[in-house]
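Coordinate-derived values only; no laboratory data. What you see is a predicted model; the values in this text were computed from it and never measured. Quick reminder, even Gly has a Cβ in these numbers, built from the backbone with ideal geometry, and neighbours come from all protein chains shown.
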Amino acid sequence: MFLKQNSISIDKDSWTVPNDAPNWFKPTDNLVRYGGGDDFDQGSRYFRDSITGICFIYEIQL
């Protein structure tokens with residue numbers, strides 16, 4: 001619902017896990033990445049595991 005309410009679409013651009021990401025964040029092939037695509041994008045990304053439904057949020061706070 002959050003993605004729909006905020007008009008956040010699937011991000012198909014290239015993305016690399018940041019060097020300072022926590023060591024428990026191990027993206028799998030099941031993760032769908034959302035975010036980007038607008039003029040206000042600061043690099044935040046939202047991930048949802050298509051099998052388990054578990055979500056991860058990577059937000060950049062300026």
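Numbers at a glance
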| item | result |
| --- | --- |
| The stretch 1-24, subset of a type in the set (F, W, Y) and surrounded by fewer than 12 Cβ atoms within 10 Å (Cβ to Cβ), residue nearest to E59 (Cα to Cα) | F2 |
| Close pairs (8 angstrom Cβ cut-off, 6 or more residues apart or separate chains): in contact (Cβ under 8 Å) with a residue 24 or more places away in the chain and within 16 Å of V32 (Cβ to Cβ) in the stretch 4-21, aromatic (F, W, Y) and surrounded by 10 or more Cβ atoms within 10 Å (Cβ to Cβ) anywhere | I8/F2; I8/Y34; I8/Y46; S9/Y34; I10/Y34; D11/Y34 |
| Residues of the stretch 36-62 that turn out to be over 13 Å from the mean Cα position of the chain (by Cα) and closer than 16 Å to W24 by Cβ, as a count | 1 |
